[in-house]
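> Please find one structure pasted underneath; my questions will follow.
The values are calculated or read from the model by the stated rules, or taken from the named source; none is laboratory data. Note that the structure is a prediction, hence the values are computed from the model and not measured. Neighbour counts are summed over all protein chains in view; Cβ atoms, including those assigned to glycine, are modelled from backbone coordinates with ideal geometry.
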Amino acid sequence: MIHTLVPGVIVVHPDRPDWGTGQVQSVAGNRITVNFEHCGKVTINSDVISLSISEDRD
């Protein structure tokens, strides 16, 4: 199932659970900028990494 990532969506990095949840800041093509709670702002290449939408609704 493909989810559209848009600014404001809360995500997790599948290989970096220690980064905590992150909020999508911007999406430009395959470049997704996310502000993670324990890592800060990171740009992700969505062709390489598939971010997961957080199931936490807290």
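> Could you check the range 27-44 and list, in sequence order, the residues that are exposed (fewer than 12 other Cβ atoms within 10 Å of the Cβ) and touching a Pro at 6+ places or on another chain (Cβ under 8 Å)?
none
> Restricting to the range 18-46, what's the tally of residues that are at pLDDT 95 or above, of a type outside the set (A, V, I, L, M, F, W, C) and either farther than 20 Å from Thr4 by Cα or assigned to a loop (DSSP other than H, G, I, E, B) (or both)?
6
> Within the range 1-25, can you find the residues that are loosely packed, with under 14 Cβ neighbours inside 10 Å, touching a strand residue (DSSP E or B) at 6+ places or on another chain (Cβ under 8 Å) and of a type outside the set (A, V, I, L, M)? Before the answer, list the steps.
Going through the range 1-25, the residues loosely packed, with under 14 Cβ neighbours inside 10 Å turn out to be 1-4, 6-8, 14-15, 17-18, 20.
Cutting the leftovers down to touching a strand residue (DSSP E or B) at 6+ places or on another chain (Cβ under 8 Å) gives us 3, 6-8, 14, 20.
Result: His3, Pro7, Gly8, Pro14, Gly20.
> Being free of Cβ contacts under 8 Å to residues at least 40 places away in the same chain and of a type in the set (A, V, I, L, M) is the filter here; which residues of the range 1-37 pass it?
At the first step, the residues of the range 1-37 found to be free of Cβ contacts under 8 Å to residues at least 40 places away in the same chain are 1-2, 4, 6-8, 13-37.
Within the range 1-37, Met1, Ile2, Val6, Val24, Val27, Ala28, Ile32, Val34 meet the criteria.
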